[in-house]
Every structure is written in C-alpha cells, then in structure tokens.
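Inspection log for the structure reproduced underneath, given as structure tokens.
The values are calculated or read from the model by the stated rules, or taken from the named source; none is laboratory data. All of these numbers come straight from a predicted model, not from anything done at the bench. So basically every Cβ, Gly included, is an ideal-geometry build from the backbone, and we count neighbours across all protein chains shown.
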Amino acid sequence: MLTRKQYQLLVYLQQYIQEKGVSPSFDEMREALDLKSKSGVHRLVSSLQERGFIRRLEHRARALEVVRLPENVTEKELPARNRRYETLQRRRVAHKGIGVPRAGDTVHLPLFGRIAAGTPIEALRDPSTMVEVPASLLGRGNHYALQVEGESMIEAGIMDGDTVIIEQTDTANNGEIVVAMIIDSREVTLKRLRRKGGEVALEPANHKYETRVYNPDQLNIQGRLIGLLRRY
C-alpha cells in the first residue's frame, strides 16, 4: 500500500509527463506536494523507484519515467488533501478531454533549445519555452521539440531554424532520423540511423558531411523524428 504522498507524487509524475513530455523538476515536485524541502522529494522518489513504480533514465534531462500505476489503490482510498494538488487535478481535467484529437486541437511541448544538424552540440537542457503543435501530429507516448541548427540534413528537407518534433524513445528502426547522444562527449545530434553489422552509423543528409560510425555502446538514442514545423 502506498502512502498518500507516494500516491500523489506518482499521479503527478504520470500526468505531468503525459502533458509536457518530460518529468518535472524536483522543485516542481516539492511545490506540487507542499513539501518544505527537496530532501522529502528525494525520499519519495527513492521509495517509488525501489518498489518498481518509477525508474531513472541515464544520460537524460528530467530523467524519471513512470513504469506502472498501483492497481489496488484509488483516489477515494487516498484522497488528495492539499490545495495545490487538488488545483493541479482540476486543471488537468479542464485542460483537454481524452480521445481522438479533433481538427484544430493543439498541444504545448517543451522546446529544448537548439540541436545541431551538423557538428553535435549540447542539447536536451531544461526547456526555456513551449511550442504549440497540432495534436494530430502526435501519437502515444512523450514528445518534445528541438530547434535545428546547421545544414547537414537539408536533403531530408530539414533546414536550419526548423523546429522538429521528437517522440521520446531509446530505440529506433534502421533508417529513421533520430536524436542521438554520443556518450563520451555527452553531445547530441540529429541524424539518420543505420545499423551495419555490429556498428551504428549516423548519416547526414548532405553530401558535404561525413557519416560517423560508432559501436552501439557509444550512443544513446533519445528520440525519433515524427514531425517538423517551419515558419516562412
């Protein structure tokens, strides 16, 4: 049986990730649960992790993921008694209905700075802003946005200054365009993924750039491209 605070944190994490595509910061969790310090959040996170409800994702910003929700616990059994939590619940219910997106529906995704479509640069930092995207563009799962910098993917129709929509995942099919982190340098780049024997190639879509080849354990896939936004 979960404690009330454990349950509230688990539900808050699940809802926050579904709506924003990234887990909340520890300060946001502290505020949402009306805790006095982040140490209390750390204890709750550790207890949920030990019991298999959440897990930490290595080499990722905002690196928490909800693995499962309790099957035998309801909100009636663990009522939300603090005002901040109740307010968050009401806002979520009023925000958007669950179902097939209608024409014109939009979703706000976190924009994680700029990502190089040429030489890798540091990316996936805390979002400084949000970007509005059509809900019909998104499938299930978590999503985020990145702004492209460079011209190494122009032959795939991805130009400098474009905003790309990324589905958060640590796997990808051969030939998909992915956000990949080079683990040693902790730099991130947008390239097409090609598996060749026991190696993984990150291919540009510009003949002026070279393909880079890595061992699988040198890379960390952080998402795959599902859409693109461009302003004229």
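Could you list, in sequence order, the residues of the stretch 207-230 that are of a type outside the set (Val, Ile, Thr) and without any contact (Cβ under 8 Å) to a residue 60 or more places away in the chain?
Once the filter is applied, which keeps residues that are of a type outside the set (Val, Ile, Thr) and without any contact (Cβ under 8 Å) to a residue 60 or more places away in the chain, the stretch 207-230 yields HIS207, LYS208, GLU210, ARG212, TYR214, ASN215, PRO216, ASP217, GLN218, LEU219, ARG224.
For the stretch 140-156, give me each residue that is touching a residue at least 24 places away in the same chain (Cβ under 8 Å) and more than 13 Å from PRO204 (Cβ to Cβ). Spell out how you get there, then give the answer.
Filtering the stretch 140-156 for residues touching a residue at least 24 places away in the same chain (Cβ under 8 Å) gives 141-156.
Within the stretch 140-156, GLY141, ASN142, HIS143, TYR144, ALA145, LEU146, GLN147, GLU149 qualify.
Of the residues SER39, SER47, SER23, which is farther than 24 Å from GLY141 by Cα, surrounded by 14 or more Cβ atoms within 10 Å (Cβ to Cβ), not assigned by TED's automatic domain parsing to the domain that holds THR169 and not β-branched (Val, Ile, Thr)?
Testing whether each residue is farther than 24 Å from GLY141 by Cα, surrounded by 14 or more Cβ atoms within 10 Å (Cβ to Cβ), not assigned by TED's automatic domain parsing to the domain that holds THR169 and not β-branched (Val, Ile, Thr) leaves just SER47.
Tell me which residues, restricted to the stretch 205-232, are in a strand (DSSP E or B) and either of a type in the set (A, V, I, L, M) or more than 22 Å from PHE112 (Cα to Cα) (or both).
Those that are in a strand (DSSP E or B) and either of a type in the set (A, V, I, L, M) or more than 22 Å from PHE112 (Cα to Cα) (or both): ARG212, VAL213, TYR214, LEU219, ILE221, LEU225, ILE226, LEU228, LEU229.
Could you please let me know if VAL73 is at pLDDT below 80 and at negative phi?
When the stated conditions are applied, VAL73 passes them.
For the stretch 190-202, give me each residue that is surrounded by 19 or more Cβ atoms within 10 Å (Cβ to Cβ) and over 14 Å from GLN218 (Cβ atoms).
LEU190, ARG192
With a cut-off of at least 1 residues that are in contact with a Ser or Thr (Cβ under 9 Å, 6 or more places away or on another chain) and either modelled with pLDDT of 90 or more or surrounded by fewer than 19 Cβ atoms within 10 Å (Cβ to Cβ) (or both), name the strands (runs of 3 or more DSSP E) lying wholly within the stretch 137-189.
143-149, 177-182
Mind checking which residues of the stretch 18-27 are out of contact with any Leu (no Cβ under 8 Å at 6 or more places or on another chain) and in contact (Cβ under 8 Å) with a residue 24 or more places away in the chain?
Correct list: GLN18, GLU19, VAL22, SER25.
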